[in-house]
1. Which of the residues belonging to the stretch 210-220 are near the ligand (Cβ under 8 Å from one of its atoms) and open to solvent by less than 20 Å² (accessible area, probe 1.4 Å)?
2. Return the residue satisfying two criteria in turn: it lies in the stretch 382-433 and is under 19 Å from L464 (Cα atoms) and β-branched (V, I, T), and of such residues it is most open to solvent (accessible area, probe 1.4 Å).
3. Looking only at the stretch 235-254, which residues are at pLDDT 80 or above and either surrounded by fewer than 17 Cβ atoms within 10 Å (Cβ to Cβ) or farther than 24 Å from A216 by Cβ (or both)?
4. Which one is least open to solvent (accessible area, probe 1.4 Å), of the residues in the stretch 136-158 that are part of a helix (DSSP H, G or I) and either within 20 Å of K87 (Cα to Cα) or in contact with a Phe, Trp or Tyr (Cβ under 9 Å, 6 or more places away or on another chain) (or both)?
5. Looking at I17, is it within 14 Å of the ligand (Cβ to nearest atom) and closer than 21 Å to G300 by Cβ?
6. Could you give me the residue pairs with C-beta distances under 9 Å whose first residue belongs to the stretch 106-128 and is touching a residue at least 40 places away in the same chain (Cβ under 8 Å), whose second residue is of a type in the set (F, W, Y) and open to solvent by less than 70 Å² (accessible area, probe 1.4 Å) wherever it lies, and which are 6+ apart or on separate chains?
7. On the given criteria, is M232 touching a helix residue (DSSP H, G or I) at 6+ places or on another chain (Cβ under 6 Å) and exposed (fewer than 15 other Cβ atoms within 10 Å of the Cβ)?
8. Is one or more of the residues making up the stretch 26-46 at pLDDT below 95 and open to solvent by 30 Å² or more (accessible area, probe 1.4 Å)?
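The values are calculated or read from the model by the stated rules, or taken from the named source; none is laboratory data. Since the model is a prediction, treat every value here as computed from it, not as a measurement. Virtual Cβ from ideal backbone geometry, glycine too; neighbours counted across all protein chains shown. With ligands, DNA and RNA removed, areas are computed over all heavy atoms of the protein, side chains included. Shrake-Rupley method; radii C 1.70, N 1.55, O 1.52, S 1.80 Å.
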Amino acid sequence: MVIRVRLAPSPTGNLHIGTARTAVFNWLFARHHGGQFILRVEDTDLERSRPEYTQNILDGLTWLGLTWDEGPFFQTERLDLYRQAIKTLLDKGLAYHCYCSEAELESMRAEQEARNEAPRYDNRHRNLTPEQQAAFQAEGRLPVIRFKIEDSREISWTDLVRGKVTWRGNDLGGDMVIARRAPVGEIGQPLYNFVVVVDDIDMKITHIIRGEDHVANTAKQILLYEALDAAMPEFAHTPLILSPAGKKLSKRDGVTSISDFQKMGYLPEALANYMTLLGWSPPDATQERFTLTEAAKQFGFERVNKAGAKFDWDKLNWLNSQYLHEMPADRLTDLLIPYWQEAGYKLDAEGDRPWLEQVSALIGASLARLDEAVPMTRYLFEPDMQFSEAAVTQLRQEGTATALQAVLTALSESIDLGEASAQEIIKQVVKTENLKKGLVMRSLRAALTTDMQGPDLIQSWLLLHQHNLDQLRLKSALALTV
Ligand code: GLU
């Protein structure tokens, strides 16, 4: 059997971390079995679906490396297929027109609430006579189409993550709407639980891998598979992603869409690696770093947890920093340039490239996220930097002015500055001015980098020197000394 799985995102928002993690598990499962991963955009909710969300979802999946083998298919282009299936159910007597008005449904719910009962449709139009139907039609009522759900049914399946799951028919809310209101003879807009089954049957999906929030839908969908005489797929409901506090992850937790993670400077390989660990662990549980392809070799549902997976920022940051620390300077430069541009730095892509690569090499080992590069390197780009309080305190120390003046003099006399000559200048200043090396270094750090902490001092100096900023900075600093 060829394994076929699918991701079925609704384009009603940007690619959410939960959907992306579902995509990861689908992808891993497909690749593990040499199967196919299909992408289907569930855009039947016309009011809430937007093309820019579809684009965001496709871009996010591509960025993460979650390549798909077929699609993207769009449900709005497949309406004939759904109408055909609804006709089949109507013909078989498994679906019917329901003429209840919104007001009637509302009062039904209110009465149930008053009796402390769960809201449900009471199937009152299931067996209308042709005369009753004609009367409703004469009133101008537009019917929905409902699929019959027997209260007495028991629905079970063996979930690949959750084991045996059982639902009772009478917990499913009564006969379910599968198509919105439309004049009799036409078929209104078909709804999620129905079209998802028609598509999964048509696309020969063998395994339905999706979030745990769909468990109740699965019970209804199983009844639809039966009604449509289709082979039953396997189901795997993956645990939800929880906030660090253990609640369902929501917009209030801040970043939840993949494009936001991207903007914040997470790397696709680090985020994909992290999402793999959200609910799954490799057989060697100490192994934390791997590519998707490596994870696919070992992936199986026996190692997917039932319990919700807490989102752990520290772990994600740690993984991201691991990937960043090893990244060659040229790729890092490519990734950092947009951040520097966004910060307003005018870069000459050609001329500045070697300098930018040196900057990337300087900071690569200290980065946990790409966006940290901007505050970390501001002193290299901006001529008029304010000195930090700590730097000013250092500049006011005794001996600092002497040290900086001596360095400035030495600089004006040397033509080329390299690592060795910079070290030599420091050595000479220590000797001729009879100062402690620590003081000279601290003074230089304060003056050149405008702060007391930051990347390597000598390398920073050389980079400033290449842009003629070192003497300028030393002079501004001298003005603050006492
Ligand atoms: N469109 C549904 C969603 O985004 C798909 C659920 C499913 O995988 O069946 O939640």
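1. Step one: list which residues in the stretch 210-220 are near the ligand (Cβ under 8 Å from one of its atoms), which gives 210-211, 213-214, 217.
Within the stretch 210-220, R210, G211 meet the criteria.
2. I415
3. Hits for the stretch 235-254 are S243, P244, A245, G246, K247, K248.
4. Result: F136.
5. Criteria not met by I17.
6. Pairs that qualify, where the first residue is touching a residue at least 40 places away in the same chain (Cβ under 8 Å) and the partner is of a type in the set (F, W, Y) and open to solvent by less than 70 Å² (accessible area, probe 1.4 Å), are R126/Y96.
7. Yes; evaluated as a whole, the condition is true for this residue.
8. yes
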